[in-house]
Amino acid sequence: MSKVAVVGAGTMGNGIAHVFAQHGWDAALIDVSEAALAGGLATIRKNLERLEKKGAISHQLAADTLGRIKTSKSLEAATDAEIVVEAVSENPDTKFDIFEDLDRLAPKGAILASNTSSISITEIAKVTKRPERVIGMHFMNPVPLMPLVEIVRGRVTGDEVVAKTVEITQQLGKTPVEVNDAPGFVSNRVLMPMINEAIFCVDEGVATAEAVDQVMKLGMNHPLGPLALADLIGLDVCLAIMKVLQDGLDVQKYRPAPLLEQMVAKGQLGRKSGQGFYAYRD
Ligand code: NAD
């Protein structure tokens, strides 16, 4: 039986554990926060029920999926994993610490993947003694529904590791697309400046959040407006990505909108905090 360890049980981590478990993998879901583990499991349960109601999966598969996920507060739960997917907060130092520990704890042959949205895979790999086995596995939100996984090849990621990660991604029913390591990779290099520009429009009084989203939905055929999408992603995550683009590419062009900085400082993080550009009840 294959086993994955997913570090971080937040927005992305619980979705990643869900998808692996639904495809037959045993999954250890690891977080430092007891509340995050409980919340992550509750989200997985709710999403499985939703998929079952839609007829997308059977009752048996939903039950088996839940049964394959075990939670833990310790990285020791990764000691027998074939692959580890790290999905903790978008903070370089936190990720470096975790990869140092994972390098020590996970089996020598295990792949160490990061779901980072923007932090350099090459830099993360450098803190380990197995940089050739470190790779970016960038899932999209919401993980159970989105087909893409951006596979990010660090400067020294091995061909065999890329091939294996592509194979695992396909086995999860997702479509891998390979890109090279660069700030924001492709997805966020293109997406985040659009979201940031939408926030500038609100900040400068060009239009309300609703109006900006309507323009992009009805005029550009986007399924979700950029501000509703920012709420879904998490405004703290958006801000962290803009800072990586700003530091890595061009200070002026990628300057985060002041309103984005203010909302994050106030704890208005989008859906996960109940308030962002819109208010959320559950
Ligand atoms: P989140 O804030 O929802 O969850 C992060 C989790 O990490 C929290 O539960 C926190 O308790 C946990 N954590 C923090 N430090 C930890 C540690 N040292 N050990 C174990 N757990 C720890 O964040 P998220 O939105 O799920 O983002 C996670 C990663 O995925 C980030 O790198 C982010 O850039 C990336 N990402 C996010 C999205 C998105 O739409 N939110 C999309 C793609 C990728």
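In region 89-123, what residues are surrounded by 22 or more Cβ atoms within 10 Å (Cβ to Cβ), small (Gly, Ala, Ser) and modelled with pLDDT of 95 or more? Correct list: 106, 110, 113, 114. Of the residues making up region 22-33, none is more than 8 Å from the ligand (Cβ to nearest atom), closer than 19 Å to residue 146 by Cβ and among the charged types (D, E, K, R).
Have a look at 70, 46 and point out the one that is part of a strand (DSSP E or B), surrounded by fewer than 22 Cβ atoms within 10 Å (Cβ to Cβ) and either modelled with pLDDT of 95 or more or polar (S, T, N, Q) (or both). Let's see the steps before the verdict.
Values: 46 fails: part of a strand (DSSP E or B).
From the options 70, 46, the qualifying one is 70.
Look at (1) near the ligand (Cβ under 10 Å from one of its atoms); (2) under 13 Å from residue 142 (Cβ atoms) and you find that residue 36 fails only one, number (2).
Could you list, in sequence order, the residues of region 64-90 that are of a type in the set (A, V, I, L, M) and free of Cβ contacts under 8 Å to residues at least 60 places away in the same chain? First the steps, then the outcome.
Quick first cut of region 64-90, residues of a type in the set (A, V, I, L, M) only: 66, 69, 75, 77-78, 81, 83-85, 87-88.
Listed by number, the residues that qualify are 66, 69.
When we screen 77, 38, 62 for residues that are in contact with a strand residue (DSSP E or B) (Cβ under 7 Å, 6 or more places away or on another chain), at pLDDT 95 or above and not in a loop (DSSP other than H, G, I, E, B), the only hit is 77. Taking the conditions (1) within 13 Å of the ligand (Cβ to nearest atom); (2) of a type in the set (D, E, K, R); (3) within 20 Å of the chain's Cα centre (by Cα) in turn, residue 76 satisfies each one other than (3).
Listed residues 66, 148, 102, 75; which is closer than 24 Å to residue 243 by Cβ and out of contact with any Phe, Trp or Tyr (no Cβ under 6 Å at 6 or more places or on another chain)? Sole residue among the options that is closer than 24 Å to residue 243 by Cβ and out of contact with any Phe, Trp or Tyr (no Cβ under 6 Å at 6 or more places or on another chain): 148. Within region 220-260, if we keep just the residues that are small (Gly, Ala, Ser) and within 11 Å of the ligand (Cβ to nearest atom), the residue that is nearest to residue 270 (Cα to Cα) turns out to be 234. As for region 147-155, it holds no residue that is surrounded by fewer than 24 Cβ atoms within 10 Å (Cβ to Cβ), away from the ligand (no atom under 12 Å from the Cβ) and modelled with pLDDT under 95. When restricted to residues that are free of Cβ contacts under 8 Å to residues at least 12 places away in the same chain, charged (D, E, K, R) and more than 16 Å from the ligand (Cβ to nearest atom), region 39-63 contains 4.
The residue that is modelled with the highest pLDDT, counting only those in region 232-272 that are surrounded by 15 or more Cβ atoms within 10 Å (Cβ to Cβ) and among the polar types (S, T, N, Q), is 268.
Which of the residues spanning region 212-245 are free of Cβ contacts under 8 Å to residues at least 12 places away in the same chain and under 24 Å from residue 12 (Cα atoms)? Steps first, please.
Within region 212-245, the first condition is being free of Cβ contacts under 8 Å to residues at least 12 places away in the same chain, and the residues that meet it are 214-215, 217-224.
Result: 222, 223, 224.
The values are calculated or read from the model by the stated rules, or taken from the named source; none is laboratory data. Since the structure is predicted, the reported quantities are computational estimates derived from the model, not experimental observations. Neighbour counts are summed over all protein chains in view; Cβ atoms, including those assigned to glycine, are modelled from backbone coordinates with ideal geometry.
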